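Asker: What follows is a structure written as structure tokens; I'll ask about it next.
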Amino acid sequence: MRAETMSRPFVTVSRSRSEAVQFRAILAATYPVFLVAALLQRLRPGPAALGPRRSVFGEARAMALSAIPFAFMG
């Protein structure tokens, strides 16, 4: 029982590292899609956004970071 307790933190660290790698891979794969969406949103005619605006790259990153957690649900 003592050996199982000692190996458990390594499994947790390995799993969290694996999830971090998966998160970055999904971010890298989806970022271009959200970049195109942010560009199209910026080019669309309409009322200007109120308050300070992010750069197109920052907006794309924010959209990707808000959508990716849904991939890890379930």
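The values are calculated or read from the model by the stated rules, or taken from the named source; none is laboratory data. All values derive from a computational prediction rather than experimental measurement. Please note: Cβ atoms are built from the backbone with ideal geometry, for glycine as well, and neighbour counts cover all protein chains shown. The accessibility values were calculated without ligands, DNA or RNA, using every heavy atom of the protein model including side chains. Shrake-Rupley method; radii C 1.70, N 1.55, O 1.52, S 1.80 Å.
Asker: Taking all protein chains together and a probe of 1.4 Å, list GLU59, GLU19 from the most accessible to the least accessible.
Answerer: GLU19, GLU59
Asker: Still on this structure, please answer the following. Please list 3J(HN,Hα) in residue order for region 20-31, calculated via the Karplus relation 6.51 cos²θ - 1.76 cosθ + 1.60 where θ = phi - 60°; whole Hz, with x for glycine and proline.
Answerer: Using θ = phi - 60°, the values come out as 5, 5, 4, 4, 5, 5, 5, 4, 5, 6, 8, 4 Hz.
Asker: When only the heavy atoms of the protein chains count and the probe is 1.4 Å, how do VAL13, VAL56 rank by accessible area, highest first?
Answerer: Details: VAL13 70, VAL56 30 Å².
Most to least solvent-accessible, the answer reads VAL13, VAL56.
Asker: Hey, another quick one. Averaged per residue, what accessible area in Å² does region 17-74 show with a 1.4 Å probe, protein chains only? All intermediate terms of the calculation are to be shown ahead of the outcome.
Answerer: Working: 4500 Å² over 58 residues.
Here the residues of region 17-74 average 78 Å² of exposed surface.
Asker: Pop a pseudo-label 7 angstrom from the Cα along the beta-carbon direction at both ALA29 and SER66 and give the gap in nm to one decimal.
Answerer: 2.3 nm
Asker: Now, a different point. Just to verify a number: FRET efficiency for VAL56 and GLU19, C-beta to C-beta distance, R0 = 22 Å, to 0.05?
Answerer: Details: r = 28 Å, r/R0 = 1.29.
Working from the Cβ atoms, E equals 0.20.
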